[in-house]
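The values are calculated or read from the model by the stated rules, or taken from the named source; none is laboratory data. A quick note: this is a predicted structure, and the numbers were derived from the prediction, not measured. Note that each Cβ is placed from the backbone with ideal geometry, even for glycine, and that neighbours are counted across all protein chains shown. For accessibility, only protein heavy atoms count, side chains too; no ligands or nucleic acids. Shrake-Rupley method; radii C 1.70, N 1.55, O 1.52, S 1.80 Å.
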Amino acid sequence: MNVFTRLFVSHMVAIAVAVFALVLLAEFFAPQFYREHINRMVAAIGPAGQELHGDLEQGLRSTLTTAMISALPLALLFSAGTAYLTAKRIGHTVSLMAEGSREITQGNYSKRLSSTSKDELGAMAQYFNQMAQALEGVERSRIELIGTVAHELRTPLAALQGYAEGLMDGVLPGEKAARGINREVRAMSRLVEDLSLVSRVEAGALEVHPQALEVPSVLAELQERFALAFAEKGVGLEVAASAGLPPIWADPERLQQVLSNLLVNALRHTPVGKQVTVGVTAEQKAIRFAVRDQGPGIALEYRQRIFERFYRVDPARSRKDGGTGVGLTVAKGLVEAMRGQMGVESELGQGSTFWFTLPFTQT
Ligand code: ADP
């Protein structure tokens, strides 16, 4: 028995019980309830009233029965109609949901339900659609991820194959091939490392071990690590922190990783002779790090997407420069795992400022 039939039949049973109760009331109980009044009336009239007793009782019974017989068809028709419409509406929505769920189970994530009702049935259809949309998004990003990873691996693998063939044919000097192989293997290792980090970031399973850190020592370490790379490219690196900053609450390795990802990007996009500045200031509730470069800047349409995994403004160039397209995803995930926030401000032709906040030391 489907939902419609079940609902309709149960409504009709309820109506039949109500009709039965009414008939019982009219035939048996109502005259009894009224008998006391009739007795009093008959007593008031005197002996002549005794003859009226039967008449009055019979009259009451037949009045009630006639009234009921006249009203019942209309009432029955109306109740049956309402029961039919209600059961049909509920039954329709339930069967739509069942059909929609079946399609989604079979992998048709684009399935949506159309419902204009404003009640709980409409809300149910709306929630169903939201769930289907979320599932569709997850499925799309899963397919995209597989495609992107395959694509990312194909490039270094093709290069490795080229070096191997060059070696076998004897057309490539061993040292050159070894350097190339080393470079490609390192690119692949970096990709795997980044991927594993991204997956932990997205699963919320990234472990951080925060501790109190003095900002000047964080900056000194950063400068030491990057001085050579900046000098080699001919880009200036300036590091400046406001005086008297309180200690921050962060994981030292993760913080260096965030700053490194931002500095590598800044160095990559800043032309020779220009400058990158790392500034640290205190805000009301947090410490703000800002990495400012004098690169080309990032247009608004790209700014909204660069934190997505594998998103690159210029894929060909970025890949050539060694970028995997997940540096910012990882950096943002790490900052958020340390209870901070990250964002970017940029003006085309003027450069970009990547900033992030970190909490003060817990006291
Ligand atoms: P990638 O490994 O490709 O650098 P990221 O996630 O670090 O990946 O950056 C995503 C994209 O954001 C880059 O491909 C680049 O186009 C853009 N981008 C990142 N940093 C900067 C910057 N400082 N200036 C201009 N563009 C940037």
How large, in Å, is the chain by the Kirkwood hydrodynamic radius built from its alpha-carbon pairs?
28.2
Kindly sort H11, H92 by accessible area of their heavy atoms, largest first, with the probe set to 1.4 Å.
H92, H11
Taking Cα centroids, how far is the stretch 297-315 from the stretch 122-194 in Å?
19
If each of Q211 and R305 carries a label point 7 Å out from its Cα toward its Cβ, how far apart are those two points in nm?
4.2
Roughly how many debye, to the nearest 20, is the charge dipole of the stretch 121-202 about its Cα centre, given +1 on each Lys and Arg Cβ, -1 on each Asp and Glu Cβ, and no other charges?
160
Would you mind getting the accessible area per residue of the stretch 211-359, heavy atoms of the protein chains only, 1.4 Å probe, in Å²?
48
For R339, which sequence-distant residues (separation of 5 or more, or a different chain) have an amide H within less than 5 Å of its own amide H, given hydrogens modelled in the peptide plane?
none
What percent antiparallel are the DSSP beta bridges of the stretch 198-296, to the nearest 5?
60
Solvent-accessible area, 1.4 Å probe, carbon plus sulfur percent, for the chain
60
Could you do me a favour and compute the accessible area per residue for the stretch 12-165, 1.4 Å probe, result in Å²?
67
Accessible area, probe 1.4 Å, largest first, for residues D293, D169, D119
D169, D119, D293
Give the shape of the stretch 98-236 as rounded, prolate or oblate, defined through the alpha-carbon gyration tensor: a ≥ b ≥ c are the square roots of its eigenvalues, a/c under 1.5 means rounded, and otherwise the shape is prolate if a/b is larger than b/c and oblate if not.
oblate
